[in-house]
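Notes follow once the structure below has been shown.
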Amino acid sequence: MDLNASTTAFIACHFEYDIVGPDGAFAPFFREQIEQRGVLSVAKRLVEGARAKDVRVVYTRVAFQAGHIDLVTNIPLLGAVGQQGSLLDGSHGGDIVDEVKPGGDDWVVTNPKVSGFASSDLDARLREAGIDTVVLFGVATNLSVESTGRSAGDLGYRVVVVSDACSAASDAAHDATLETFGLLGEVATADDVLAAL
């Protein structure tokens, strides 16, 4: 695997307290697998490695306005957000966790959807920066990572999913997405990705 640092972006998907934090709203769904897989430590290594090579680091974050006025509940998972009152913009639950806190040059793209490309300016910003390859990781593998990856592929980007920097609510859900991305993009470990820069 080869990656051109100047045309690659690392996209960290939904590393918010409500999603990956030990006491977050979605901790009952995701936290056990996050801990078992060591996702936060691997993600930290990825963003630090990317910054060291001057690779663009992007955080996608799902967050909603007060009262969830911009929440569309056509997806059951998003319906749960409204019921819990979680992922509000400006709240602690909507902040990126300290383990992978954005740096000064990193982008943070906030939108009210599962895919980082939906209802956001992510595509326009990546194209303006000359990015043609996206390296994806985050929680959940089968939700935000998969949705963002599928969108990226449809938009013409080369897509790499970092297998050991993602997790889902179960091994089966995680593995199914990785198997799918063997056909829709590429799957690699954090070590492979960092070595390819």
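Remarks
- In segment 1-85, trypsin sites (Lys or Arg not before Pro) in a DSSP loop with at most 15 other beta-carbon atoms within 10 Å: 53
- Sequence-distant aspartates and glutamates (8 or more away, or on other chains) whose Cα lies within less than 17 Å of residue 53: 2, 105, 106, 132, 191, 192
- Order of 14, 68, 92 - criterion: other Cβ atoms within 10 Å of each residue's Cβ, fewest first: 92, 68, 14
- Look at 87, 71, 46, 183 and count the other Cβ atoms within 10 Å of each Cβ; fewest to most, that gives 183, 71, 46, 87.
- Going from the fewest other Cβ atoms within 10 Å to the most, the residues 120, 86 appear in the order 120, 86.
Read-outs: derived from the displayed coordinates by stated rules, not from any lab. Source: prediction; values computed, not measured. With ideal geometry, Cβ positions are generated from the backbone for all residues, glycine too; neighbour counts draw on all protein chains shown.
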